[in-house]
Amino acid sequence: LKPLRPRAAPSTAGALLPLPRMKDFVALGRRAAEKRRQAREAARAARAKEQAAACRPAKKAFTGKLSITADGLKALDRQYSDQKAWARARQKEEAPPGGWPTPPKHWPPGVRVDIGRPLWWLPQGWGQGVKTTCAARRICFISPEGKIYYDKRAVEEACGTKFNSPPPRAQLTQSMAWVLSRAKMVIAQAQTFQRQTPKFVADEKLFRNLSRHEQSFLPPATSLHFAVVSARRAADDRGVRNITIVEAQMRVAGVRPVWYVDKASLAAYKALGLNTKVGGKLVPARNMALNDAAKLKKACVQVSDDIMSWTYFKGDMAGTKDIVMANHAARAADRLRISPVAAARFLVAKMRAAASGSRSGGPKIAGVFPLSNTGQAFSREGTSTEHFILGDFFVADTCPVRFDPKFTLKEDYDYTCAHLARFGAVLRCNRMFIAAIHETNSGGAVSERDSSGDREREMIKQLQEKWPGVFWKNPRRGDTQVIMSWKRRKVAP
């Protein structure tokens with residue numbers, strides 16, 4: 001038998017090969033692009049890993065042992081994860097006016113009296129202190145015998161009882177007394193309730209957003225009369241905290257405002273160390289502040305007692321009808337945390353510059369954007385001359401216009417219309433915002449509202465009768481909110 005020879009492959013000479021199809025080229029390009037993308041991601045991950053390794057401190061085996069620092073403080077060698085909390089706990093604490101309270105004689109050394117809120121469950125005769133030998137100022141509890149305990153469970157074991165019942169009325173009264181005492185202390189130090197000093201950007205950074213013409217009208221702080229309209233807040237825990245925030249921001253900025261309060265609350269406000277004056281209810285207090293400013297020949301700055309902060313958005317000043325673009329512009333803008341004094345001076349400069357070239361007298365009132373929707377604000381021009389001026393924060397130049405006493409609510413809507421009717425314009429800065437607590441805190445204008453909303457509906461009816469065509473109910477926010485459009489005003493022939 002002869003071995004089989006392998007069959008030769010057929011010759012392709014002279015034969016036409018099939019041409020590659022377009023989808024083959026597309027698939028090949030996609031595979032190549034995917035490989036390049038994977039290579040870029042791998043290189044990026046490698047660089048990030050190298051950077052993280054370079055920034056990461058060398059690994060250390062924590063022993064958990066106690067050591068004494070050069071300052072005589074006790075420190076535990078253990079790992080922590082929150083760098084900010086670690087640094088905050090070790091900030092140097094400022095002593096209250098008059099120094100730290102003297103601890104009782106039976107207290108052990110290295111413990112001072114804690115000036116924080118007393119814990120409701122701590123038994124009578126026990127003390128609440130702070131370890132001065134601990135870098136983090138650990139809270140501790142001192143028994144009548146002088147022993148130190150560090151948590152509630154240890155105190156329960158020492159007393160042989162559980163502290164699970166709600167605080168009695170006497171302890172709640174004691175807690176409120178502590179709130180008032182702490183508020184008086186922090187107000188004297190120009191601090192918030194948490195004993196923090198408010199911080200703002202430099203005023204010049206805000207004033208750079210004024211034109212040269214507007215800067216020529218920039219007033220000094222001494223030419224402004226700052227009035228805080230408040231009522232029935234000094235007896236409420238949350239209201240007292242808000243009072244300290246507003247007063248601290250004013251004092252840090254270099255002014256001491258006048259608090260226009262109701263007669264029944266005058267003693268409570270004075271006890272906090274505030275510059276107070278009886279103003280009566282909301283509208284009479286507002287008019288009294290305007291009259292006092294006119295006597296002093298100053299512009300009046302009216303402030304609500306629950307404003308947490310003032311912010312200016314430095315961005316594109318051109319309005320756009322596209323809300324998506326407006327939201328992008330708001331997110332891209334620089335946010336400046338400004339003081340209330342700088343905000344008032346900024347508004348006065350803009351208002352007086354606009355009035356300088358007006359034949360009808362120009363605007364005599366200026367305010368901020370009334371909502372917190374920054375995108376909606378950026379859908380408008382930087383300033384507007386016929387929109388609503390919010391009563392929570394505004395400046396008013398000397399003029400005869402006053403608040404109408406018949407409006408117990410919605411009085412700022414009527415006041416805006418009165419200025420538009422008298423001077424033809426107002427000025428609202430649509431890049432300046434305030435953060436305030438609206439309609440939820442006790443006291444103030446909230447006490448004028450009723451749960452059914454009948455009073456607000458009555459005020460809306462009076463607005464529509466006094467200014468026909470200007471107001472109609474907001475279909476998106478219920479029948480107790482309105483939309484204002486001065487262009488739609490119907491003037492009798």
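The values are calculated or read from the model by the stated rules, or taken from the named source; none is laboratory data. Keep in mind that this is a model prediction, so the values were computed, not measured. All Cβ positions, even for glycine, are placed from backbone atoms using ideal geometry, and neighbour counts span all protein chains on display. The accessibility values were calculated without ligands, DNA or RNA, using every heavy atom of the protein model including side chains. Shrake-Rupley method; radii C 1.70, N 1.55, O 1.52, S 1.80 Å.
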- Query: Between residues in region 323-348 that are closer than 20 Å to Ser211 by Cα and surrounded by fewer than 20 Cβ atoms within 10 Å (Cβ to Cβ) and residues that are at pLDDT below 85 and of a type outside the set (D, E, K, R), which pairs lie under 8 Å by C-beta distance while being six or more apart or on different chains?
  - Reply: Ala333/Gly315; Asp334/Gly315
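Residues are listed down the side, and each one gets a yes or a no for (1) surrounded by 10 or more Cβ atoms within 10 Å (Cβ to Cβ); (2) of a type in the set (Lys, Arg); (3) part of a loop (DSSP other than H, G, I, E, B):
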| site | (1), (2), (3) |
| --- | --- |
| Gly64 | no, no, yes |
| Ser67 | yes, no, no |
| Gly72 | no, no, yes |
| Gln79 | no, no, yes |
| Trp86 | yes, no, no |
| Lys92 | no, yes, yes |
| Pro103 | yes, no, yes |
| Arg112 | yes, yes, no |
- Query: Only one of these conditions is not met by Trp120: (1) in contact with a helix residue (DSSP H, G or I) (Cβ under 6 Å, 6 or more places away or on another chain); (2) surrounded by 15 or more Cβ atoms within 10 Å (Cβ to Cβ); (3) at pLDDT below 90. Which number is it?
  - Reply: (2)
- Note on the structure: Among the residues of region 249-265, the number that are out of contact with any strand residue (DSSP E or B) (no Cβ under 6 Å at 6 or more places or on another chain), open to solvent by less than 30 Å² (accessible area, probe 1.4 Å), within 23 Å of Glu411 (Cα to Cα) and not acidic (Asp, Glu) is 1
- Query: Do you know which residues across region 166-210 are over 27 Å from Glu94 (Cα atoms), out of contact with any strand residue (DSSP E or B) (no Cβ under 9 Å at 6 or more places or on another chain), of a type outside the set (D, E, K, R) and at pLDDT 90 or above?
  - Reply: Phe207, Leu210
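Here is a yes/no grid of residues against (1) open to solvent by 20 Å² or more (accessible area, probe 1.4 Å); (2) free of Cβ contacts under 8 Å to residues at least 40 places away in the same chain; (3) assigned to a strand (DSSP E or B):
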{"position": "Val228", "(1), (2), (3)": "no, no, yes"}
{"position": "Ala231", "(1), (2), (3)": "no, no, no"}
{"position": "Arg238", "(1), (2), (3)": "yes, no, no"}
{"position": "Ile243", "(1), (2), (3)": "no, no, no"}
{"position": "Glu247", "(1), (2), (3)": "no, no, no"}
{"position": "Ala267", "(1), (2), (3)": "yes, yes, no"}
{"position": "Lys270", "(1), (2), (3)": "yes, yes, no"}
{"position": "Leu274", "(1), (2), (3)": "no, no, no"}
{"position": "Cys300", "(1), (2), (3)": "no, no, yes"}
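Of all residues being basic (Lys, Arg) and open to solvent by 70 Å² or more (accessible area, probe 1.4 Å) in region 138-179, which is farthest from the chain's Cα centre (by Cα)? Just the residue, please.
Applying the filter and picking the extreme gives Lys147.
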- Residue list for region 391-414, restricted to those being free of Cβ contacts under 8 Å to residues at least 60 places away in the same chain and open to solvent by less than 20 Å² (accessible area, probe 1.4 Å): Cys399, Val401, Leu409, Asp414
- Please enumerate the residues belonging to region 9-27 that are in a helix (DSSP H, G or I) and either open to solvent by 100 Å² or more (accessible area, probe 1.4 Å) or modelled with pLDDT under 65 (or both). Met22, Lys23, Phe25
- Query: Could you list, in sequence order, the residues of region 202-226 that are under 21 Å from Arg335 (Cβ atoms), open to solvent by 40 Å² or more (accessible area, probe 1.4 Å) and aliphatic (A, V, I, L, M)?
  - Reply: Ala202
- Query: Counting only residues that are closer than 27 Å to Val255 by Cα and open to solvent by 30 Å² or more (accessible area, probe 1.4 Å), how many does region 349-382 have?
  - Reply: 6
- Item | Sole exception among (1) closer than 26 Å to Gly116 by Cβ; (2) free of Cβ contacts under 8 Å to residues at least 12 places away in the same chain for Ala202, by number | (1)
- Item | Test for Ala293: is it in a loop (DSSP other than H, G, I, E, B) and buried (at least 23 other Cβ atoms within 10 Å of the Cβ) | no
- Gly469 versus (1) surrounded by 15 or more Cβ atoms within 10 Å (Cβ to Cβ); (2) among the small types (Gly, Ala, Ser); (3) at pLDDT 80 or above: which is the lone unmet condition? (1)
- Item | Top-ranked residue of region 446-465 - restricted to ones that are touching a helix residue (DSSP H, G or I) at 6+ places or on another chain (Cβ under 7 Å) and open to solvent by 30 Å² or more (accessible area, probe 1.4 Å), ranked as modelled with the highest pLDDT | Arg455
